[in-house]
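The values are calculated or read from the model by the stated rules, or taken from the named source; none is laboratory data. Keep in mind it's a predicted model, so treat the numbers as computed, not measured. Note that we place each Cβ from the backbone using ideal geometry, even for glycine, and neighbour counts take in every protein chain shown.
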Amino acid sequence: MKLAVIAATAASAAAFVPSQNARMVTRIGAEFVYGDYDDKLWDNDAKKDVYNKWDPSAPRTGKNFNPFETFKGNSPDASGVFPGENFYKDPMRGDVSFQAMMDEKAEAEEREKNPKAGSEPGCPGCKNVSQKNERFLCQTCINELMHYHLPRAFAVNLVWTP
């Protein structure tokens with residue numbers, strides 16, 4: 001009888017031992033491409049260089065993104081990744097003076113007045129729609145947002161612009 005109890009105890013304990021082939025190989029992010037300025041100084045000159053190379057009609061990648069685009073109030077890192085997303089790396093920022101900030105502000109206002117051709121909200125090279133641009137989307141984008149992303153009460157307030 002004692003032998004049966006010992007055998008039952010040993011058999012039940014074996015149920016909690018991990019199996020030999022429990023390893024799962026994953027390749028999450030194996031295709032992720034970091035930007036040209038990853039682990040380098042991410043200042044306004046670097047952002048302007050990335051912006052000049054940006055093609056709004058091409059899909060968004062680590063080397064093809066708008067560095068001046070914001071998403072939920074945040075700016076992207078040197079690879080176009082926003083805080084809270086996978087692969088985000090805090091960029092190395094340069095020193096900034098008040099005069100440099102005022103110069104950047106003037107450049108941003110000029111860039112906003114003369115956007116790059118094809119950089120309309122919802123273009124393939126954009127992250128997503130920002131709150132500022134959500135009211136100016138094509139009907140297809142609105143339908144997709146209503147179906148997948150936004151609560152119905154919010155999506156109803158969007159305006160279609162041909």
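What the table below lists for this structure:
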item: Residue check, F71 of a type outside the set (A, V, I, L, M), surrounded by 14 or more Cβ atoms within 10 Å (Cβ to Cβ), in contact with a strand residue (DSSP E or B) (Cβ under 9 Å, 6 or more places away or on another chain) and in contact (Cβ under 8 Å) with a residue 40 or more places away in the chain; result: no
item: Output for segment 35-64, where each listed residue is among the aliphatic types (A, V, I, L, M) and surrounded by fewer than 17 Cβ atoms within 10 Å (Cβ to Cβ); result: L41, A58
item: Residue check for A78: touching a helix residue (DSSP H, G or I) at 6+ places or on another chain (Cβ under 8 Å) and surrounded by 15 or more Cβ atoms within 10 Å (Cβ to Cβ); result: yes
item: Candidate set: segment 109-126, residues that are charged (D, E, K, R) and touching a helix residue (DSSP H, G or I) at 6+ places or on another chain (Cβ under 9 Å); chosen: the one nearest to F68 (Cα to Cα); result: R111
item: Unique match (being within 19 Å of C123 (Cα to Cα), among the polar types (S, T, N, Q) and assigned to a loop (DSSP other than H, G, I, E, B)) among N66, N52, N86; result: N66
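Conditions (1) at pLDDT 80 or above; (2) outside the structural domain of Y34 (by TED's automatic domain parsing); (3) over 16 Å from K47 (Cβ atoms), marked per residue:
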position: F82; (1), (2), (3): yes, no, no
position: Y88; (1), (2), (3): yes, no, yes
position: Q99; (1), (2), (3): yes, yes, yes
position: C138; (1), (2), (3): no, yes, yes
